[in-house]
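Derivation of every value follows stated rules applied to the coordinates shown; laboratory data play no part. Every value quoted in this text rests on a predicted model; they were computed, and no experiment measured them. Cβ sites come from the backbone with ideal geometry, for glycine too, and all protein chains shown count toward neighbours.
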Amino acid sequence: MNAKLMPTLFAAGLLAWSATPGPAAGAEPALQTVAVSADATAQASAYDGVVEAVRQTVVSAQVPGAVVALAVKAGDRVKAGQVLLRLDARAAEQQAGAAAAQVQAARAAQDQATKEFERQKQLFQKNYISQAALERAEAQYKSAQAQSAAQMASAGAARTESGFYIVRAPYDGIVSDVSVVLGEMAMPGRPLMTLYDPQALRITAAVPQTAAIRLGSDSAATLQAELPGVGARIKPLRWQVLPSLDPATHTVQVRLDLPPGTAAAPGMFARAWLPGGAGETARLSVPGRAVVRRAELTGVYVIGTDGRPLLRQVRLGRASGEQVEVLSGLASGERVALDPQAAARVP
């Protein structure tokens with residue numbers, strides 16, 4: 001080749017390379033997506049429930065009276081027999097005192113009647129009095145004895161009633177609510193405070209009839225309980241399926257007894273994990289970084305049929321590692337954007 005043509009050909013090739021079209025400056029990179037995965041091998045299904053106390057007592061007054069002392073407040077731990085509050089018992093104490101005085105008078109009358117009866121028996125043995133006189137003395141003795149027993153029973157009732165003005169804890173527990181204040185009038189049957197036993201808690205969940213039917217004697221190994229703030233699931237001590245169903249929702253209540261010492265309180269949200277069947281709907285999950293949270297909205301960008309991302313609201317469940325369970329809003333096989341910010345910029 002002619003050496004003089006070499007520079008000319010090189011310059012032409014350089015111009016042709018520079019004119020080749022390439023990626024536009026400032027163009028958005030390709031949107032990364034992932035398919036919604038379904039965990040078809042799930043062996044358990046979760047059902048929303050609530051924590052309940054097996055022993056929860058609404059303490060009420062048995063007698064009317066003004067509240068003169070409050071010994072506890074909401075949140076306090078109490079022991080069995082501990083004084084919770086006192087009512088004004090001055091009238092009851094006076095009645096108990098009067099009953100005790102009447103018992104003493106009845107006992108004195110009984111002693112006198114006993115001595116008189118003994119004297120009459122001695123006189124009768126010596127034939128100084130008639131049979132009728134002896135029977136009258138015996139009748140007076142028995143009458144005094146019966147009056148003394150009646151007065152003693154009445155005094156015991158007065159003492160028992162005076163004890164009603166002191167309200168005590170029926171068992172070891174925690175006071176969850178106090179419904180009265182000092183000076184307020186307590187009436188029989190009116191709630192004064194509520195307490196529960198923290199060592200006896202359970203989870204109650206409404207389970208569909210089809211899922212409850214699958215529970216059998218061998219289900220204890222797969223039943224689990226889940227509480228917010230507790231990392232691992234809890235193995236329940238016992239479980240029970242109530243024999244009645246809700247005719248409106250066709251659900252049955254399943255109860256899982258929690259182990260003593262579980263960090264929970266009545267009213268807390270919880271979940272009951274029950275064994276799933278072959279017809280159980282598979283759980284869907286998406287990566288946690290694909291979730292968009294804006295105020296009260298939780299959603300993901302779903303890729304539509306035209307290839308454009310569209311924000312869709314979803315309901316999320318339990319997070320497991322980098323995956324988040326999707327309870328509703330998505331179908332298996334749909335694709336979601338991994339970068340919500342990049343998806344939001346797509347026109």
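Mean shadow of region 282-344, computed from the convex hull of its alpha carbons, in nm²?
Details: hull surface 16.9 nm².
That works out to 4.2 nm².
Taking the charge dipole of the chain about its Cα centre, with +1 at Lys and Arg Cβ atoms and -1 at Asp and Glu Cβ atoms, the residue from Val63, Leu223, Thr194 reaching farthest to the positive side is Val63. Per-residue ellipticity at 222 nm from helix content only, as computed over the chain with -39500 (n - 2.57) for each DSSP H run of at least four residues, stands at -9000 deg cm²/dmol. Computed on region 282-344, with alpha-carbon pairs under 8 angstrom and 6+ residues apart, the relative contact order is 39 percent.
Select from region 136-231 those GluC sites (Glu not before Pro) which occupy a DSSP coil region and have at most 14 other Cβ atoms within 10 Å, ordered by residue number. Present the calculation step by step, with values, prior to reporting the outcome.
Numbers: sites: Glu138, Glu161, Glu184, Glu226; in loops: Glu184.
Passing sites in region 136-231 are Glu184.
With the contact rule set at Cα under 8 Å and sequence spacing of 6 or more, what percent relative contact order holds for the chain? Display every interim value, and only then the final one.
Details: 626 pairs, mean separation 88.0, N = 347.
Worked out over the chain, it gives 25 percent.
Region 118-170 and region 317-334 have Cα centres lying 82 Å from one another. Look at Trp239, Trp273 and count the other Cβ atoms within 10 Å of each Cβ; fewest to most, that gives Trp239, Trp273. Based on the reciprocal of the average 1/r between different C-alpha atoms, the Kirkwood radius for the chain equals 29.0 Å. Assuming charge only on the beta carbon of Lys and Arg (+1) and of Asp and Glu (-1), the dipole of region 90-163 about its Cα centre is about 160 debye to the nearest 20. About its Cα centre, the dipole of the chain is roughly 380 debye, where the only charges are +1 on Lys and Arg Cβ and -1 on Asp and Glu Cβ.
What net charge do the residues around Ile203 carry, taking every other residue with its C-beta under 11 Å from that of Ile203, with Lys and Arg at +1 and Asp and Glu at -1? It would help to have the intermediate numbers written out before the result.
On the way: positive: Arg202, Arg255, Arg271; negative: Asp48, Glu52, Glu226, Asp257.
Computed value for this residue: -1.
Can you list the DSSP H helices in the chain whose Cα atoms extend at least 15 Å along the helix axis and whose mean Kyte-Doolittle hydropathy is 1.0 or higher?
On the way: long enough: 6-18 (19 Å, 1.32); 90-125 (53 Å, -0.91); 131-163 (49 Å, -0.59).
Long hydrophobic helices here: 6-18.
Each of the peptides 291-297, 340-346, 150-156 was scored by the mean count of other Cβ atoms within 10 Å over its residues; in descending order, highest first, they stand as 150-156, 340-346, 291-297.
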